[in-house]
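Since the structure comes first, as structure tokens, the remarks are kept for the end.
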Amino acid sequence: MNGQTAVVLTRDLNSVRTIVIHQPAKLNALSGETALALREALEQAGADPAVRVVVLTGEGRAFCSGADLSGLTGAVSAPGLVQEHVERFFNPLVLTLRHLNKPVIAAVHGVAAGAGASLALACDLRLCSESASFVQIFSSVALVPDCGSAYFLPRLVGLGRAFELMAFADRLGAAESLRLGLCQAVFTDDTFAAEVRTYAERLAACPAHALSLTKQLLNAASEQTLEGTLGLEARWQQVASEHWEHAEGLRAFGQKRPPDYRQRPL
């Protein structure tokens with residue numbers, strides 16, 4: 001599938017679907033329309049058996065510069081408008097990212113600011129170009145974090161560091177993001193697209209069913225006690241052990257060859 005709307009593009013290659021925020025003139029600012037289109041594109045990727053990994057990125061010079069505020073003119077004098085906008089457009093998008101049955105990689109080049117940073121944090125993995133940066137921009141206009149930043153960021157960097165980044169709205173470069181664990185790798189701008197493709201295709205070769213269960217397990221474990229997590233692990237380990245991927249993994253191990261998880265053996 002290769003498709004597009006006015007604000008989102010999609011393209012497929014080797015079981016990887018790339019979803020592109022296509023608003024380069026606005027540095028891919030996130031409007032309600034864009035959020036709805038992204039959510040639809042993610043749901044389509046989740047329902048397509050040919051897609052094993054999703055890459056989310058932005059067109060042009062930025063990943064996503066944050067919420068597009070142009071549609072909220074007069075929001076200060078309209079009680080409930082901002083909350084309604086966030087709950088209607090942005091929150092469902094974040095939940096779709098987290099509940100998608102496939103891994104999602106944020107390929108971050110240029111700035112990921114405000115809601116754009118939150119969007120990247122909601123993905124399972126983050127790969128950065130050298131020019132990438134994250135900014136919790138909210139406090140610079142006397143707002144609070146949204147789109148899940150208050151949930152995701154402290155879990156990655158700790159409460160104190162998260163509060164500092166949110167209070168000062170400091171720009172966090174790619175190297176420091178890697179050191180803090182916000183991203184998994186940093187690549188040169190020239191090689192970024194190729195490196196992301198290689199990384200995504202490597203992930204696509206992993207057992208898709210097992211990775212889907214692992215994502216569900218990590219989501220659930222963040223809200224569980226140790227005892228609850230141990231119970232979930234045992235339950236889903238049983239589910240994984242009964243799937244054909246496990247049989248292929250054991251067979252490949254015995255035959256001393258790489259496993260092939262892309263197609264169920266006849």
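For segment 2-52, enumerate the residues that are touching a Gly at 6+ places or on another chain (Cβ under 7 Å), of a type outside the set (A, V, I, L, M) and without any contact (Cβ under 8 Å) to a residue 60 or more places away in the chain.
Across segment 2-52, the qualifying residues are THR10, PRO24, SER31, GLY32.
In this structure, does THR18 turn out to be crowded, with 22+ Cβ neighbours inside 10 Å, within 19 Å of LEU127 (Cβ to Cβ) and either polar (S, T, N, Q) or in contact with an Asp or Glu (Cβ under 7 Å, 6 or more places away or on another chain) (or both)?
Considered against the rule, which asks whether it is crowded, with 22+ Cβ neighbours inside 10 Å, within 19 Å of LEU127 (Cβ to Cβ) and either polar (S, T, N, Q) or in contact with an Asp or Glu (Cβ under 7 Å, 6 or more places away or on another chain) (or both), THR18 comes out as yes.
Taking segment 129-162, which residues are in contact (Cβ under 8 Å) with a residue 60 or more places away in the chain and either β-branched (Val, Ile, Thr) or closer than 26 Å to SER222 by Cα (or both)?
Result: ILE137, ASP146, CYS147, ARG155.
Within segment 220-250, restricting attention to residues that are free of Cβ contacts under 8 Å to residues at least 60 places away in the same chain and touching a Lys or Arg at 6+ places or on another chain (Cβ under 9 Å), which residue is farthest from LYS102 (Cα to Cα)?
The selected residue is GLU248.
Looking at ARG52, ARG39 in this structure, which one is crowded, with 19+ Cβ neighbours inside 10 Å and closer than 18 Å to ALA205 by Cα?
After applying the criteria, what remains is ARG52.
When residues of segment 207-256 are filtered for being surrounded by fewer than 15 Cβ atoms within 10 Å (Cβ to Cβ), in a loop (DSSP other than H, G, I, E, B) and either β-branched (Val, Ile, Thr) or at pLDDT 95 or above (or both), how many remain?
Count: 4.
Does any residue of segment 114-127 turn out to be hydroxyl-bearing (Ser, Thr, Tyr), part of a helix (DSSP H, G or I) and in contact with an Asp or Glu (Cβ under 7 Å, 6 or more places away or on another chain)?
Quick first cut of segment 114-127, residues hydroxyl-bearing (Ser, Thr, Tyr) only: 118.
Within this subset, residues satisfying the condition of being part of a helix (DSSP H, G or I) are 118.
From the residues that got through so far, the ones that are in contact with an Asp or Glu (Cβ under 7 Å, 6 or more places away or on another chain) too are 118.
Within segment 114-127 (the criterion being hydroxyl-bearing (Ser, Thr, Tyr), part of a helix (DSSP H, G or I) and in contact with an Asp or Glu (Cβ under 7 Å, 6 or more places away or on another chain)), the answer is yes, since at least one residue qualifies.
Scan segment 177-192 for residues that are β-branched (Val, Ile, Thr) and either closer than 14 Å to ALA106 by Cβ or under 17 Å from the mean Cα position of the chain (by Cα) (or both) and report the count.
1
Residues that are under 15 Å from the mean Cα position of the chain (by Cα): find the helices (runs of 4 or more DSSP H) completely inside segment 12-110 holding 3 or more of those.
32-47, 91-99
Residues PHE138, PHE134: which one is more than 22 Å from PRO92 (Cβ to Cβ), among the aromatic types (Phe, Trp, Tyr) and surrounded by 21 or more Cβ atoms within 10 Å (Cβ to Cβ)?
PHE134
The values are calculated or read from the model by the stated rules, or taken from the named source; none is laboratory data. Computed from a predicted structure; not experimentally measured. Here the Cβ is made from the backbone with ideal geometry for all residues, glycine too, and neighbour counts use every protein chain on show.
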